[in-house]
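The values are calculated or read from the model by the stated rules, or taken from the named source; none is laboratory data. Note that the structure is a prediction, hence the values are computed from the model and not measured. Please note: Cβ atoms are built from the backbone with ideal geometry, for glycine as well, and neighbour counts cover all protein chains shown. These area figures cover heavy atoms from the full protein model, side chains too; ligands, DNA and RNA do not enter into them. Shrake-Rupley method; radii C 1.70, N 1.55, O 1.52, S 1.80 Å.
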Amino acid sequence: PTFPSRCAQRLTHFLYLSSQIVTSSHADLHDYTYYFVAAPWLSVKIMRLLQCFPIPDDAIVRSRLSEALDAILNRAQEPGKSKKIQHSNAKNAVLFEAVNLIIHFEGDPSLQVRACNLLGTYLTNKETNMRYLSLESMSKLATSMTTRDAVRKHQDTVLKALQSERDVSVRMRAIDLLYAMCDHTNAKTIVEELMSYLQKADYGIRETLVLKIAILAEKFALDYAWYVDIILNLIRYAGDYVSEEVWYRVIQIVINRQEVQGYAAKTCFEALQAPACHENMIKVGGYIMGEFGNLIAGDPQSGPMVQFQLLHSKFHLCSATTRALLLSVYIKFVNLFPEIKPHIQQVLQSDHQARNPDQELQQRSIEYLKLSNIASTDTLATVLEEMPPFPEKESSLLSKLYQTAPWTAKLHLDKAAAPAKPVELTVSGTVTPSVANGPSPQKPQTTPTTSLIDTTPAPVAAAQPPPPPTDPNTASLLVDVFATPSLQPAPHPLSLSSLL
């Protein structure tokens, strides 16, 4: 038999050997004692080996293991028998490996709670290694429903460590623990604290921190307006570290939630008025205003011409990819705001666009100009209609996080098995909007079906959000548009992203 199978056959023997080492007196193992700790390295190796296999179902064996782990926790609380560092190192090595075995064991909830409470006392330990290991172990315990409440009792201590800890590795473990303990009751506090820390965080951890804030804000958002504010603030504070998946996601959620679309358009409009905007802010703001700018056009301060001039004032500051997106926003404005059509056509036919050395920008300008000139109002409303809801799939943010922190997969798996979230946190991707016949198309009310964190597909590797499924009639419609002035609207609309 192979080595693992031989170890499995001897698993009970290892369990009893570990129990014997822990429960024996100091005198019984005098020859194997290291600074008053009985065979610490052998104990660590055995407990690490036990974590490679499922614990036997035999009640006697499981009881013996529980007694051994309980004895280790009791000894950890006893005063040290020596002030030398070797004694504390050996004692703590056994303790933390025992905690890992308790997490793997999952057979005695009282042991998990005791381990969590014991680790909580080490969060303020003067030794950096102890604080680090305690935070790391508590992050694992937070994935269990049994110990989640016990972990949350130490929230204030962890938040204080995040702000005051000097060692960046300890701060990273504090972020992991806050992420793991977050739920509906404390999400707002934790997200705001992480946002505050983001502004002074080390550059090496900002991308991971942004990703976790985005996931928490989405997963536990009781108010979608709050979620939109959080994502826009992420772009303000750490725009360079906001990946495409993050700004794809906020657009997808706004499109799928009719009640937040007007607020998102207004907030993006106000954000773009800042003298200096990150390019990701221009992408998000341009996309949302291109879809829902009509919802705020009634205010003279955010009228159609004001929106267009605001976006075009950022045009020369952007990369070619973002300029391409803005050109698609302009043609959307032709449909939403016919009164500013001449101003947009003037931009599209300018030498800077029509003779642009970038082939993509030149092609878009010419095609959009041609479309705006010969297409009827009904055809424009059909081709440039509002984006339909995205289909339901797991958020790409979680997939990206699993790559950097595999242990979070178990966390989300456990939380998915928890009681269902409130209706406010659900979104449907199954309702398709009706075809628009004017500049202000509206979608019908969606029916909540699934949690928001699992609603949309992972974005493709492109600079714009992925398009919805297209209809074969779409291609023929565009051919007709560029071939003859006699036009017939097609039954399926083109979204903004399909024009990008």
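Examine the range 144-164 for a residue that is part of a helix (DSSP H, G or I), open to solvent by 30 Å² or more (accessible area, probe 1.4 Å) and among the aliphatic types (A, V, I, L, M), and state whether such a residue exists.
First, the residues of the range 144-164 that are part of a helix (DSSP H, G or I): 148-152, 155-164.
Within this subset, residues satisfying the condition of being open to solvent by 30 Å² or more (accessible area, probe 1.4 Å) are 149, 152, 156-157, 160, 163-164.
Checking the rest, the ones that are also among the aliphatic types (A, V, I, L, M) come to none.
No, every residue in the range 144-164 fails to be part of a helix (DSSP H, G or I), open to solvent by 30 Å² or more (accessible area, probe 1.4 Å) and among the aliphatic types (A, V, I, L, M).
I'd like to know if the range 120-143 contains one or more residues that are among the hydrophobic types (A, V, I, L, M, F, W, C), open to solvent by less than 40 Å² (accessible area, probe 1.4 Å), closer than 20 Å to PHE14 by Cβ and in contact (Cβ under 8 Å) with a residue 40 or more places away in the chain. Don't jump to the end; show me each part of the working.
Here is the first cut: in the range 120-143, the residues among the hydrophobic types (A, V, I, L, M, F, W, C) are 123, 130, 133, 135, 138, 141-142.
Now narrow it down to the ones that are open to solvent by less than 40 Å² (accessible area, probe 1.4 Å): 123, 130, 135, 138, 141-142.
The next check asks that each one be closer than 20 Å to PHE14 by Cβ; those that pass are none.
Looking through the range 120-143, none of the residues is among the hydrophobic types (A, V, I, L, M, F, W, C), open to solvent by less than 40 Å² (accessible area, probe 1.4 Å), closer than 20 Å to PHE14 by Cβ and in contact (Cβ under 8 Å) with a residue 40 or more places away in the chain.
Could you list all residues from the range 295-321 that are farther than 24 Å from VAL260 by Cα and of a type in the set (Ser, Thr, Tyr)?
SER313, SER319, THR321
When LEU310 is evaluated against the numbered criteria (1) touching a residue at least 40 places away in the same chain (Cβ under 8 Å); (2) open to solvent by less than 20 Å² (accessible area, probe 1.4 Å); (3) over 20 Å from VAL383 (Cβ atoms), which criterion, by number, is the only one it fails?
Here LEU310 clears every test but (2).
Which ones in the range 218-237 are at pLDDT below 90 and either part of a helix (DSSP H, G or I) or open to solvent by 20 Å² or more (accessible area, probe 1.4 Å) (or both)?
LEU222, ASP223 - these are the residues of the range 218-237 that are at pLDDT below 90 and either part of a helix (DSSP H, G or I) or open to solvent by 20 Å² or more (accessible area, probe 1.4 Å) (or both).
Quick check on the range 289-301: of everything there that is of a type in the set (Gly, Ala, Ser) and open to solvent by 10 Å² or more (accessible area, probe 1.4 Å), which residue is farthest from VAL254 (Cα to Cα)? Write out each step before concluding.
Pass one, the range 289-301, residues of a type in the set (Gly, Ala, Ser): 290, 293, 297-298.
Remaining after also requiring open to solvent by 10 Å² or more (accessible area, probe 1.4 Å): 297-298.
Working: ALA297: 18, GLY298: 20 Å.
In this case the residue turns out to be GLY298.
Right, ALA201: closer than 26 Å to GLY239 by Cβ, among the small types (Gly, Ala, Ser), in a loop (DSSP other than H, G, I, E, B) and out of contact with any His (no Cβ under 9 Å at 6 or more places or on another chain) or not? Before you say what the answer is, go through the steps one by one.
Numbers: closer than 26 Å to GLY239 by Cβ: yes; among the small types (Gly, Ala, Ser): yes; in a loop (DSSP other than H, G, I, E, B): yes; out of contact with any His (no Cβ under 9 Å at 6 or more places or on another chain): yes.
It is true that ALA201 is closer than 26 Å to GLY239 by Cβ, among the small types (Gly, Ala, Ser), in a loop (DSSP other than H, G, I, E, B) and out of contact with any His (no Cβ under 9 Å at 6 or more places or on another chain).
When the residues of the range 188-200 are narrowed to those that are out of contact with any Leu (no Cβ under 6 Å at 6 or more places or on another chain) and not charged (D, E, K, R), which ends up modelled with the lowest pLDDT?
GLN199
Every residue, every condition in (1) over 30 Å from the mean Cα position of the chain (by Cα); (2) farther than 26 Å from ARG236 by Cβ; (3) surrounded by fewer than 19 Cβ atoms within 10 Å (Cβ to Cβ), yes or no:
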position: GLY285; (1), (2), (3): no, no, no
position: TYR330; (1), (2), (3): yes, no, no
position: PRO357; (1), (2), (3): yes, yes, yes
position: GLN362; (1), (2), (3): yes, yes, yes
position: SER365; (1), (2), (3): yes, yes, no
position: SER372; (1), (2), (3): yes, yes, no
position: ASP378; (1), (2), (3): yes, yes, yes
position: GLU385; (1), (2), (3): no, yes, no
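Quickly run through the range 380-401 and pick out the residues that are closer than 25 Å to VAL210 by Cβ, out of contact with any strand residue (DSSP E or B) (no Cβ under 6 Å at 6 or more places or on another chain) and not in a helix (DSSP H, G or I).
In the first step, residues of the range 380-401 are kept if they are closer than 25 Å to VAL210 by Cβ; the result is 387, 390, 392-401.
Keeping just the survivors that are out of contact with any strand residue (DSSP E or B) (no Cβ under 6 Å at 6 or more places or on another chain) gives 387, 390, 393-401.
Passing the criteria: MET387, PHE390, LYS393, GLU394, SER395.
Inside the range 252-281, can you point out the residues that are of a type in the set (Val, Ile, Thr) and closer than 12 Å to LEU232 by Cβ?
Taking the range 252-281 first, the residues of a type in the set (Val, Ile, Thr) are 253-255, 260, 267.
Within the range 252-281, VAL254, THR267 qualify.
Which condition does LEU327 not pass, out of (1) outside any helix (DSSP H, G or I); (2) at pLDDT 95 or above, if it passes all the others?
It fails just one condition, (1).
If you check LEU95 against the conditions, is it touching a His at 6+ places or on another chain (Cβ under 9 Å) and open to solvent by less than 20 Å² (accessible area, probe 1.4 Å)? Don't jump to the end; show me each part of the working.
Numbers: touching a His at 6+ places or on another chain (Cβ under 9 Å): no; open to solvent by less than 20 Å² (accessible area, probe 1.4 Å): yes.
Here the answer is no, as LEU95 does not meet what is asked.
Of all residues in the range 63-92, which are more than 20 Å from TYR35 (Cβ to Cβ) and surrounded by fewer than 16 Cβ atoms within 10 Å (Cβ to Cβ)? Step through it out loud before you land on a result.
So in the range 63-92, the residues more than 20 Å from TYR35 (Cβ to Cβ) come out as 63-70.
Scanning the range 63-92 gives SER63, GLU67.
Which of the residues that make up the range 272-307 are of a type in the set (Gly, Ala, Ser) and touching a residue at least 40 places away in the same chain (Cβ under 8 Å)?
Step one: list which residues in the range 272-307 are of a type in the set (Gly, Ala, Ser), which gives 274, 276, 285-286, 290, 293, 297-298, 302-303.
The answer is GLY286, GLY290, GLY293, ALA297.
Out of the residues in the range 330-366 that are assigned to a helix (DSSP H, G or I) and of a type in the set (Gly, Ala, Ser), which is modelled with the lowest pLDDT?
Looking only at the range 330-366, we keep the residues that are assigned to a helix (DSSP H, G or I), and these are 330-336, 338-348, 351-354, 359-366.
If we keep only those that are of a type in the set (Gly, Ala, Ser) too, we end up with 354, 365.
On the way: ALA354: 86, SER365: 94.
Among those that are assigned to a helix (DSSP H, G or I) and of a type in the set (Gly, Ala, Ser), it is ALA354.
Quick test of your reading of the structure: SER25 fulfils all but one of (1) open to solvent by 80 Å² or more (accessible area, probe 1.4 Å); (2) modelled with pLDDT under 70; (3) of a type in the set (Ser, Thr, Tyr). Name the failing condition by number.
Going through (1) open to solvent by 80 Å² or more (accessible area, probe 1.4 Å); (2) modelled with pLDDT under 70; (3) of a type in the set (Ser, Thr, Tyr) one by one, SER25 breaks only (1).
Does ASP240 qualify as being assigned to a helix (DSSP H, G or I), open to solvent by 20 Å² or more (accessible area, probe 1.4 Å), of a type in the set (Asp, Glu) and modelled with pLDDT of 95 or more? Break it down stepwise before answering.
Details: assigned to a helix (DSSP H, G or I): yes; open to solvent by 20 Å² or more (accessible area, probe 1.4 Å): yes; of a type in the set (Asp, Glu): yes; modelled with pLDDT of 95 or more: no.
For ASP240, the condition - assigned to a helix (DSSP H, G or I), open to solvent by 20 Å² or more (accessible area, probe 1.4 Å), of a type in the set (Asp, Glu) and modelled with pLDDT of 95 or more - is not met.
Those residues that are touching a Phe, Trp or Tyr at 6+ places or on another chain (Cβ under 7 Å) and part of a loop (DSSP other than H, G, I, E, B), I need them from the range 81-117; list them, please.
Once the filter is applied, which keeps residues that are touching a Phe, Trp or Tyr at 6+ places or on another chain (Cβ under 7 Å) and part of a loop (DSSP other than H, G, I, E, B), the range 81-117 yields LYS81, SER82, LYS84.
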